[in-house]
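Data block below; observations after.
All of the numbers you see were taken from the coordinates with simple rules; none came from a lab. This one's a predicted model, so the numbers in the text were calculated from it and none came from an experiment. As a convention, Cβ positions derive from the backbone with ideal geometry for all residues, glycine included, and neighbour counts pool all protein chains shown.
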Amino acid sequence: MDTNSSASVSSAASAPAWDADWIEKYRDRCATPEEAVRRLRPGQRIFVGTGCAQPLELVRAMAARGDLLDVEVVHLLTLGDAPYANRELSEKFRVNSFFIAANVRGIIQEGLGDYTPIFLSDIPKLFSSGRLPLDAALIQVSPPDEHGRCSLGISVDIVKSAAENARLVIAQINPNMPRTLGNSFLHIHDLDVLVPVNTPLVEFVPPEPDETTRRIADYVAALIEDRSTVELGIGGIPQAVADALKTKKDLGIHTEMFTDSMVDLIESGAVTGAYKTLDRGKVVASFCLGTRRLYDYVHNNPKFAFHPTEYVNDVEIIGRQYRQVAVNVALEVDLTGQVCADSLGTRFYSGIGGQLDFNRGAARSEGGKAIIALRSTAETPEGRVSRIVTRLTPGAGVVTTRGDVHYVVTEYGVAYLHGKSIQERAIALIAIAHPDFRADLLREAIEARYLRPDMKDIEGKIVVGPPQFRTSMLLEDGTQITFRPIHPTDEPRMRELFYALSQETMYYRFMTRTYHIPRREFHNFVFINHRSDVAIVATLPAAHGEEIVAVGRYYLDEKTNYAEVAFVVRDDWQNRGIGTFLLRHLETIAKRNGIAGFTAEVLKDNRAMQRVFQKSQHKVTATPSEDVISFRIEFS
């Protein structure tokens, strides 16, 4: 997608999009909303169109019919009025929703409506197979073009399948519906009743993201590489991610839902679609939730391809994309990695939607990432609660299983869980939980036997280092080394580093001959507060995520305001400037924390480490003794 897309939208929108004489041509099939819904019968199953394309005039006329009884109203997410979803009409209309929006949530939670949990990609098969036959479909489309084709506009998703399989199709035809391109058309001869209207479409304006939402979005955006293809699910967090991606390059979009925030992302120049495996150069979506600005943007825009759910949410299609990233949200995540996204205990709240379709597709994708994001806490009538929990709330449903979960992100950091043990998962998730709940989560995890009993000693030390401690360096051969704060889940990688060191390096670092480090010592390496005790690891990408090739650390003596500093670099990465870079990076962090300087003890034979300290840009004093040289570095 080129940066001139706005110009192409303007010219496309001004071009004739439909047949101006369509009402005269098809007058014998036109009806008012009230006339059209007289074709409906008691006992029928009636589908209602999705999202902001809900055909409100037809819905209101249907709800106003006094003689309709025992009607099942089936739909996905709908916005706008739902007059059939109230207690007084519950004997006449029974709601059966595949995804619960606010307009039907009350009636469903009262038990007077119903919810069908199902993957979004599977819904079209319910219709086409006859397992959920539809007697009628109430939909909204654009006026027909000169070839008689009406566009489903901003909601193609499952509406196309519903219209193709319903016995009766009543279409609200609205010139305000944009003509979206792709597999989004129905021929006017496939519509049984035509209802001309000229009313505004429902608009959806998401709330402005707060600081917590933006912090989560920044963590998510850091995981998304240039040239990735992204899916952003429903909710404030995924939409805030779009704002955080504007500095990326050559992104693609393959997503079920398209919003105003994605328009801004495209306009920033970050989206080209040049590296998509399928639909290269195209933005692929199945429905829009947004404002008139968005609807005008997609109207006749050749850069967009709107497709039904059976294509957009096909796990195989998603998995074939290069670096497909899926960003979705959760209500709760337990310490084993189970993700609840559709209920609050026994109260159904939203739906499965496309979360697992895209989660599994992204996991299959070359370089892909499956990300679940959530705020660390929620406000309830009983007070604030943690969304990272030892056990899911009784009755809560699992949308993404512990075997499917990959990344979990809160405002406190990122936990990578795929392929990790229960102990590793518990530590990683406690580390990104709200600090007020970490002690209870640790205690409960030990009681649940997720963690060893001796882990009780790390209470108060499960902390993720600040993201601003992260940096990188480029070696002379082009290798990029990433430096980041040590993480509570780095214990296995620290063990690998220890056992990869030569005996000479071990002796220089610990000043003793050692062949084994107790588990408690490894706990002391990784469970630190990142203020008076700071550890930075140097990492390289690896098949299992990353490997640690060096670690630098300082320990503050609060009486002197000087910190003792120490390093170790794996033998095969020594003499390449990593130790010098680590020292300078730790000096920057220490100065920011108001520390006066560093001290260090170095064996006289360890000339390489002596050279590292002598290269410090600050005042260095070296005091030799019998076997050791004592260094003192004073920050200016």
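The local environment of residue 293, defined by Cβ-Cβ distances under 12 Å, has a net charge of -4 under the rule Lys, Arg +1 and Asp, Glu -1. Other residues within the sphere of radius under 14 Å centred on the Cβ of residue 494, judged by their own Cβ, net out at +1 (K and R +1, D and E -1). Listed from fewest to most Cβ neighbours within 10 Å, the set 263, 389 follows the order 389, 263. Please state the shape class of region 467-634: rounded when a/c is under 1.5, otherwise prolate if a/b exceeds b/c and oblate if not, all from the C-alpha gyration tensor. Rounded shape, in that the Cα axes give a/c under 1.5. Shown for 496, 231: other C-beta atoms within 10 Å of each C-beta, ranked fewest to most, produce the order 496, 231. Give the residue list of trypsin sites (Lys or Arg not before Pro) in region 95-182 that are DSSP loop and have at most 10 other beta-carbon atoms within 10 angstrom. Those that pass, being in a loop and sparsely packed, are 131.
For 27, 387, what's the fewest-to-most ordering of other Cβ within 10 Å of each Cβ? Don't skip to the answer; put the middle values down first.
Numbers: 27 10, 387 18.
The fewest-first ordering by Cβ neighbours comes to 27, 387.
Seen against the Cα atoms of the chain and their longest principal axis, helix 491-500 is set at about 40 degrees. Looking at region 334-419, the GluC sites (Glu not before Pro) that sit in a DSSP loop and have at most 11 other Cβ atoms within 10 Å of their own Cβ are 366, 382.
DSSP beta bridges in the chain, what fraction antiparallel, as a percent rounded to 5? Antiparallel: roughly 50 percent of the beta bridges in the chain. Just to confirm my numbers, what's the Cα centroid distance between region 503-582 and region 47-100 in Å? Result: 62 Å between the Cα centres. Placing +1 on the Cβ of every Lys and Arg and -1 on the Cβ of every Asp and Glu, with no other charges, gives the chain a dipole of roughly 1140 debye about its Cα centre.
Each Cα pair under 8 Å and six or more residues apart adds its separation to the average, and for region 120-212 the resulting relative contact order is 29 percent.
Place a +1 charge on the Cβ of each Lys and Arg in region 467-634 and a -1 charge on the Cβ of each Asp and Glu, then give the dipole magnitude about the Cα centre in debye, rounded to the nearest 20. Don't skip to the end; give the middle numbers.
On the way: 22 positive and 21 negative charges, 78 e Å.
Here region 467-634 has a charge dipole of around 380 debye.
For the pair region 594-619 and region 178-205, the centres of their Cα atoms are 72 angstrom apart.
Ranked highest first by the average count of other Cβ atoms within 10 Å around their residues, in what order do 299-310, 433-444, 47-58, 343-354 fall?
Details: 299-310: 22.1, 433-444: 18.0, 47-58: 26.7, 343-354: 19.9.
Per-residue Cβ counts within 10 Å, averaged per peptide and sorted highest first, yield 47-58, 299-310, 343-354, 433-444.
Each part reduced to its alpha carbon centroid, region 272-346 and region 367-418 end up 20 Å apart.
Under the definition of Cα pairs under 8 Å and six or more residues apart, what whole-number percent is the relative contact order of region 5-196? The partial results should precede the final answer.
On the way: 378 pairs, mean separation 44.1, N = 192.
Over region 5-196, the number comes to 23 percent.
Given 4 °C and 1.567 mPa s, compute D for region 5-196 with the Stokes-Einstein relation, Rh being the Kirkwood radius over Cα pairs; round to the nearest whole µm²/s.
76 µm²/s
Within the same chain, lysines fewer than 8 places from residue 246 are excluded, and of the rest, those with a Cα less than 30 Å from its Cα are 276, 282, 303, 369.
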